[in-house]
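Worksheet: one structure, shown below.
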Amino acid sequence: MTDFLLELLSEEIPARMQEKACADLARLFEGELAKAGLTAAGIETHATPRRLALIARALPLATEPVREETKGPRASAPPQALEGFLRKTGLTRDQLVERDGVLFAVVETQGRPTAEVLADAIPAIVRAFPWPKSMRWGAASASTASLRWVRPLKGIVALLGEMVVPFEVDGLPSGATTVGHRFHHPGPITIGSAHDYAEKLRACHVVLDAGERRAIIAEGARAAAEARGLAVVPDEGLVAENAGLTEWPVPLLGDFDPAFLDVPREVIQLTMRTNQKYFACVDGDGRLAPAFICTANIQAHDGGAGIVAGNRKVLAARLADARFFWEQDKKVRLATQAEKLGQIVFHEKLGTVADKVDRVARLARWLVEEGIVGAGSSSRSPAADPVTPARAAVSGGEDARPREMPAAAGMTELADMAEQAARLCKADLVSGMVGEFPELQGVMGGYYARAEGLPDQVADAIRDHYKPVGQGDEVPTAPVTVAVSLADKLDTLGSFFAAGMPPSGSKDPFALRRSSLAIIALIIANSLRFSLERELRLSTMWLRSQGYDLAGFEAATLAFFNDRLKVQQREAGVRHDLIDAVFALGGEDDLVRLLARVKALQAFVGGEEGANLLAGYKRAANILKKEGWTAASPSPLVEEGREEGFGGPVSTPGSAHLSDGTSAGAEPLPLASGDQAPRSSTRGEGYEPAEAALVAALEQAEPAAERAVAEERFADAMAALATLRAPIDAFFDQVTVNDPDPIKRARRLALLGRIRAAVHRVADFSLIEG
């Protein structure tokens, strides 16, 4: 057993590509070993700006011999069969082995030296390497068949133990020589084996391990900042990027003109991070300090003073540009900027950004005026689907506000601010600053709004209306911001779905999954009570006016929301099958109420009573399914020789039908909604005690559960259903459902249907696992 070292030396590898390159190198190498039947005890990979390295531990020195045996025809088989087998194996008759009258082809392949396997494998890996971007170089680059690599390949180290594995890649031979740091040790280094590789590089000012370089940068930046009474703004991504840019990292602290602090903090930080890869610093009060930390790739003789001075000049020029954009943008009002949005196409099927802004503004105002967003909105139940007021408010009719729901003065002011913020929320897209730093869209709009004296609620809504933009991001709670953010995302989701552009498989070019998760987060965090289907329908009024066919739009969008909700709730420990069970009821698109029902259901089925009720329900449902029973199933022939549907009276033994449809000796037994058996059915004859007890329990549980669900006391609804557990168990223990008497059989099947319907008031238990 011995170790193998591979180093591919090149010009600078982009930092963003290094981590994936390490993973790809390990994957491809393992695949080539597997083809030859080799396995390493462990594989480690490393990347610096100039090299990609792999160390495979404890490789065998050769592959194992392989013996392959193929069974052929019998020795007495016709010549044609023998000739076919010989052609297949490529052997002659005298090379076959006969055992018990059967011929076998036995091929033994000797093991190959591991060095030979590697000599074939490495060139194949280099040529197949999946760089996101690669290049050709030199005279050979005139041909598209020439070697490609991320940057020109300069050298290859390939050592199996202390022996060079000989091969060439596009005329570049393998060897044992590499180079150290570009400035500190530019000369050649001879590597003895994988064991001394990292140590020799370190001696030549190259830190091989990226994790160690990250630690050096993080600790050095912290120490440099603390020496000046400052703290570094945490940024793990920037630490990793600097580690990918340096082989011998040296953090250095510098400063810039405090006058630049008049520019918004986000602009300064983004300028330093994006353009210069600098860390920002804050003082003891958390305010941005006029200081930066850069990461040098050299141990300077002057302690880094010259490096800091040069970086200070470059940063000053960058900040001067940023300040110019800031000053120029403030001279133009946001309303004026918004007028330019009609020149930007949002999507060819969905109009311009100005069209989107108009839709969002109307929907945001509607959300406030309906009381969905605003003071007291969290306790408001979803209203019935409004027709005229809703369509007027969203489509821009003569009366854009619902006449039947006059808003109070405070609500009117809130609605005005929501509409104003929505109409200005995209205006910064045409500003100079956002043109330079697209990441600041929304943020700069908030600054510009505050600079021109707009209300804080409006400025905050413009700033935060994109939130939440990902998992863990802050979820807005201010009413104006919530209205604009929710309207923006509802419009995006509804419009793309309605225009026939939903996500497909792993493709989601318009980030609709992110929009749906953001909508869910806004609803849950703010306890917003409304019909999601209704609001999505309102958000597509513009598309309806353009003649789009929206058949099936609501069902497809709600199904998509169901999937996203299961993803979002999985981390909260909520079972996906319970969400499906509640969604299956239909009409439940108030997410706050839905989740309350789901959580109560999860607590219930997780207990003994719930598990037992679920078992009883499934037994009843299986019998009904096996018998093909539905609420409309006909009863057996009765005394008059006619069939009675379960929607009419049900006969009991000894009763006779009257002309009005009732029966003598029994009162009419009307059905409730759904597939329920008749109520008040205990008045009939022929009921066994367990059967009558179950009917009596249902008479108590059904209305109690129904009232609790209507009042959104879902735990109480579960408790009411739990009282059915013992009567159901007794019924199945003591009563034969498929009784020879067709009247009893039909009545008992209807009773099982009533159990199923009672449970379905809470959830579709057939979708619950377990």
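The values are calculated or read from the model by the stated rules, or taken from the named source; none is laboratory data. Since the model is a prediction, treat every value here as computed from it, not as a measurement. Virtual Cβ from ideal backbone geometry, glycine too; neighbours counted across all protein chains shown. Surface accessibility is based on the protein's heavy atoms, side chains included, excluding ligands, DNA and RNA. Shrake-Rupley method; radii C 1.70, N 1.55, O 1.52, S 1.80 Å.
Apart from one condition, SER193 fits all of (1) open to solvent by less than 70 Å² (accessible area, probe 1.4 Å); (2) of a type in the set (S, T, N, Q); (3) within 42 Å of the chain's Cα centre (by Cα); the exception is (3). If I filter the range 566-589 for residues that are part of a helix (DSSP H, G or I), under 25 Å from ALA710 (Cβ atoms) and in contact with a Phe, Trp or Tyr (Cβ under 6 Å, 6 or more places away or on another chain), do I get at least one hit? For the range 566-589, residues part of a helix (DSSP H, G or I), under 25 Å from ALA710 (Cβ atoms) and in contact with a Phe, Trp or Tyr (Cβ under 6 Å, 6 or more places away or on another chain): absent. Could you say whether any residue in the range 87-103 is part of a helix (DSSP H, G or I) and closer than 30 Å to ALA15 by Cβ? Taking every residue of the range 87-103 in turn, none turns out to be part of a helix (DSSP H, G or I) and closer than 30 Å to ALA15 by Cβ. Inspect the range 218-232 for any residue being within 25 Å of ALA21 (Cα to Cα) and either part of a loop (DSSP other than H, G, I, E, B) or over 31 Å from the mean Cα position of the chain (by Cα) (or both) and give the result as yes or no. No, the conditions are met nowhere in the range 218-232. Only one of the numbered conditions (1) open to solvent by less than 30 Å² (accessible area, probe 1.4 Å); (2) touching an Asp or Glu at 6+ places or on another chain (Cβ under 6 Å) is violated by LEU118, and that is (2). Which one is least open to solvent (accessible area, probe 1.4 Å) among residues in the range 148-190 that are closer than 23 Å to ALA21 by Cβ and among the aromatic types (Phe, Trp, Tyr)? In this case the residue turns out to be TRP149. Considering the range 724-766, the residues that are among the charged types (D, E, K, R), part of a loop (DSSP other than H, G, I, E, B) and over 38 Å from the mean Cα position of the chain (by Cα) include one that is nearest to ALA697 (Cα to Cα), namely ASP739. In the range 558-572, the count of residues that are more than 16 Å from GLU588 (Cα to Cα), of a type in the set (D, E, K, R) and touching a His at 6+ places or on another chain (Cβ under 7 Å) is one or more.
Okay, residues lined up against (1) open to solvent by 60 Å² or more (accessible area, probe 1.4 Å); (2) modelled with pLDDT of 95 or more; (3) in contact with a Cys (Cβ under 6 Å, 6 or more places away or on another chain); (4) more than 26 Å from LEU429 (Cα to Cα):
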position: PRO290; (1), (2), (3), (4): no, yes, no, yes
position: LYS313; (1), (2), (3), (4): yes, yes, no, yes
position: ARG323; (1), (2), (3), (4): yes, yes, no, no
position: ARG333; (1), (2), (3), (4): yes, yes, no, no
position: GLU339; (1), (2), (3), (4): yes, yes, no, no
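Residues that are in contact with a Cys (Cβ under 8 Å, 6 or more places away or on another chain) and part of a loop (DSSP other than H, G, I, E, B) occur in the range 458-478; there is at least one.
Of the candidates ALA696, ALA704, the single residue that is within 25 Å of LEU591 (Cα to Cα) and modelled with pLDDT of 90 or more is ALA704.
In the condition set (1) of a type outside the set (Asp, Glu); (2) modelled with pLDDT of 90 or more; (3) open to solvent by 10 Å² or more (accessible area, probe 1.4 Å); (4) farther than 26 Å from ALA596 by Cβ, LYS489 is compliant with all but (4). Among the residues of the range 24-70, the ones that are at pLDDT below 90, exposed (fewer than 13 other Cβ atoms within 10 Å of the Cβ) and part of a strand (DSSP E or B) come to 4 in all. Scanning the range 597-632 for residues that are of a type in the set (A, V, I, L, M), surrounded by fewer than 17 Cβ atoms within 10 Å (Cβ to Cβ) and either touching a Pro at 6+ places or on another chain (Cβ under 9 Å) or within 27 Å of ILE524 (Cβ to Cβ) (or both) turns up just one, ALA603. Residues in the range 323-371 that are in contact with a Phe, Trp or Tyr (Cβ under 8 Å, 6 or more places away or on another chain) and small (Gly, Ala, Ser): GLY351 only.
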